[in-house]
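Encoded as C-alpha cells, the structure appears first; notes follow it.
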Amino acid sequence: PSEPTIGGSVAGGPAPVVIGSVEPTIPASGTTTTEDDRPTVPLVSGGGGLPHTPEPGKAPGRVIWEFEWKGHFSAYDGDCQDYMEKKYQEYQSGGGRSRVNVRTKGIQISVDFSKMSSKRDGSDHIQKIRRKETE
C-alpha cells in the first residue's frame, strides 16, 4: 500500500503533513461491516497560526501576536497564538468580547483588543500588543 498524498496548502499556509492514517479494510463477501472496518481519514497538521483574510490582491499569510517589552516587540509563545487570533476574529465580527483571558506558558494574561493591550495576572504593568501579519 502506498502512502496517502495530499496536495496544495491549508488556507495559504505550508503544505499539510500527514501524521497518521489507516488503510481501509474491505470485508469478505457475505460479512457485515463493523465500525473497526470502516476507512479512516488521515490526520492532517497545517502547522502554524490561523490564516487571516488578506487585503484584496494580497496572498494570505499567518498572523503573529506580539507584546511590547523594554521598547521592542516579542511574539507570544505558540501555545496561545491560534486562540488569540480566534478570539480577535470573534471580537472583530461583533460576536466576541473585547477583553479575554489567555493562558500562555502557564501564565494568565488579560488581553484587551479594543485597547490593544495586555496585563499579566498579579501585575499592574500594562503592555502594548500588536497583531502582525506575515507573508
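Within the stretch 106-117, how many residues turn out to be part of a strand (DSSP E or B) and surrounded by 14 or more Cβ atoms within 10 Å (Cβ to Cβ)? It would help to see each step written out before you state the result.
Let us first name the residues in the stretch 106-117 that are part of a strand (DSSP E or B), namely 107-112, 117.
Right, trim to surrounded by 14 or more Cβ atoms within 10 Å (Cβ to Cβ) and you get 109-112, 117.
Residues in the stretch 106-117 being part of a strand (DSSP E or B) and surrounded by 14 or more Cβ atoms within 10 Å (Cβ to Cβ): 5 in total.
Out of the stretch 40-76, which residues are surrounded by 12 or more Cβ atoms within 10 Å (Cβ to Cβ), in a loop (DSSP other than H, G, I, E, B), at pLDDT 50 or above and out of contact with any Gly (no Cβ under 6 Å at 6 or more places or on another chain)?
Correct list: Gly61, Tyr76.
Of everything in the stretch 118-134, what is within 23 Å of Gly61 (Cα to Cα) and assigned to a strand (DSSP E or B)? Give them in sequence order.
Lys128, Ile129, Arg130, Arg131, Lys132, Glu133
Is it fair to say Arg103 is among the charged types (D, E, K, R), touching a Cys at 6+ places or on another chain (Cβ under 9 Å), closer than 22 Å to Arg62 by Cα and in a strand (DSSP E or B)? Please lay out each step first, then the result.
Working: among the charged types (D, E, K, R): yes; touching a Cys at 6+ places or on another chain (Cβ under 9 Å): yes; closer than 22 Å to Arg62 by Cα: yes; in a strand (DSSP E or B): yes.
Judged against the criteria, Arg103 is a match.
Condition first: part of a loop (DSSP other than H, G, I, E, B) and either of a type outside the set (D, E, K, R) or open to solvent by 90 Å² or more (accessible area, probe 1.4 Å) (or both). Now tell me which residues in the stretch 77-100 satisfy that.
Ser93, Gly94, Gly95, Gly96, Arg97, Ser98
Residue check: is Gln127 surrounded by 14 or more Cβ atoms within 10 Å (Cβ to Cβ) and not charged (D, E, K, R)?
yes
The values are calculated or read from the model by the stated rules, or taken from the named source; none is laboratory data. Note that the structure is a prediction, hence the values are computed from the model and not measured. Positions of Cβ are backbone-derived with ideal geometry, glycine not excepted, and every protein chain shown enters the neighbour counts. The protein model used for the area step is the full one, side chains on, heavy atoms only, and it has no ligands, DNA or RNA in it. Shrake-Rupley method; radii C 1.70, N 1.55, O 1.52, S 1.80 Å.
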